[in-house]
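The values are calculated or read from the model by the stated rules, or taken from the named source; none is laboratory data. None of the values given here were measured: they were computed from a predicted structure. Glycine also receives a Cβ, built like all others from the backbone with ideal geometry; neighbour counts cover every protein chain displayed. For the accessible areas, the whole protein counts, side chains as well, though only heavy atoms, and no ligand, DNA or RNA atoms are used. Shrake-Rupley method; radii C 1.70, N 1.55, O 1.52, S 1.80 Å.
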Amino acid sequence: MSAPDVLVIGAGITGAAAALALTEAGARVEIVDRYGPAAMASGWTLAGVRQSGRHAAELPLARAAVALWPELDRRLEADTGYRQHGNLRLARDAREVETLKALVAEQKAAGLDLAFLPDLAAVREVAPALSSTVLAASWCPTDGHADPVATVLAFLDRAERLGARVSMGERILRLEAEGGRITEAVTDRRRIAAGAVLAAPGIFVNAVLEPLGLQIPLRRPMVTVVRTAPCAPLLRPVLGVANADMAARQEVSGRLRVTSGAEVWAGALSETDRGPVVRPTARRVMETIDRVTAVLPALAEAEVENVWGGVLDLTPDALPVIDRAPGCDNLVVAAGFSGHGFGIGPVTGPLAADIALGRRPALALEAFRFDRFSKSARQEAELTLHG
């Protein structure tokens, strides 16, 4: 393939969906990732597909994504593992009950199909396996979950069949600019000239931006993930809690995938033949299992198959950047998804692609501007349910 019209950096859900949208629009596309498909956040995630609990600015993106998900298997000619089995957000004490009442009132006013379940009996009608520690819940029946790796591979495979070039295991060392435009991307193997660059590299976004004098303020907390061997059916909806310190779902395979809340991470990203590895401590693993077992007792008897950590690209307001980079007319950034970018990826990727192609995005993106962090006051938002 000749020089691409658009070079996409990052083969997570956003980059993969953007690559497909660009290819479908007739652009010559190459997607490059230092590891491989869904090697970072998109593979580590809980993989919820939710509208409930979203920031008001992000809710239109989530609703648009939920409208797309039921058709993705047909469109991509692949199985994404998507199931629209709902989302339960649990209250375990009186304060969390009030938090969920306020959440339901706010999001119902915004038009979301969301209900408040006022007691354990009502919650158990949706999820009978929950314990008596649950006092109430919010319930969004149109939320769901999917297989993160299968979904990313499906987007990439479809893009490749349509002519995109997929280059994995290749690291972007720097972008070179002249006259307010990116002229080349320098990798550890070659130089790539491209008409435009779409950067969706997750936690590595500032490694791409800083040589250009740009930066997104990011924290990089970790989430602990525990995955069991296949179990008998226990749980259809995704579980979250009002303070976002745990989440859980049962995969189509029968495996339970449970996660902690965001935790301070002082460790290092290791690299193995299989890709990047983040190792949580035994204490964090035990705390995660204890929190989830308190609401889902059957987890205690499940055999643990895998344990890993995932690192979030957390912005001060927990919202992503989807915008043209200041001072670089042909560089688009789609990063900072703060642990909840998977479900909206089929929408955010094409929106970033629209910007790269010079088209007007179909949804409003003012809340996701790059320059919003230049203000002197940077509020650090609390995370809602990640995934």
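Things to note:
- Sequence ranges 324-337, 90-103, ranked by mean other-Cβ count within 10 angstrom, highest first: 324-337, 90-103
- Per residue, region 280-354 exposes 31 Å² of accessible surface when a 1.4 Å probe is rolled over the protein heavy atoms with every protein chain present.
- Environment charge at GLU366 (Cβ cut-off 12 Å; Lys +1, Arg +1, Asp -1, Glu -1): 0
- Once you reduce region 67-129 and region 255-294 to the center of their Cα atoms, the two points are 25 Å from each other.
- For region 40-196, the solvent-accessible area with a 1.4 angstrom probe is 43 square angstrom per residue.
- Highest-MSF residue in the chain out of GLY240, GLY179, GLY261 [GNM, Cα springs under 10 Å]: GLY179
- Carbon/sulfur fraction of accessible area - the chain, other protein chains in place, 1.4 Å, %: 50 percent
- In sequence order, region 344-358 has phi-based couplings of 9, x, x, 9, 5, x, x, 5, 5, 4, 4, 4, 4, 8, x Hz under the Karplus curve 6.51 cos²θ - 1.76 cosθ + 1.60, θ = phi - 60°, and Gly or Pro positions carry x.
- One chain, two ends: ALA56 and SER270. Fully extended at 0.36 nm per residue, the span grows by 73.4 nm beyond their Cα-Cα distance.
- Helix 13-24 vs. the chain, principal-axis angle (Cα, 0 to 90°, nearest 10): 50 degrees
- Fluctuation leader among ASP188, ASP313, ASP245 - the chain, Gaussian network, Cα springs under 10 angstrom: ASP188
- Calculated mean residue ellipticity, 222 nm, the chain: -8000 deg cm²/dmol, from DSSP H runs (n ≥ 4) at -39500 (n - 2.57) each, averaged per residue and rounded to 500.
- Under 5 Å between amide hydrogens, built in the peptide plane, is the criterion, and for THR183 it picks out GLU176, ALA177, GLU178 among residues at least 5 positions away or on other chains.
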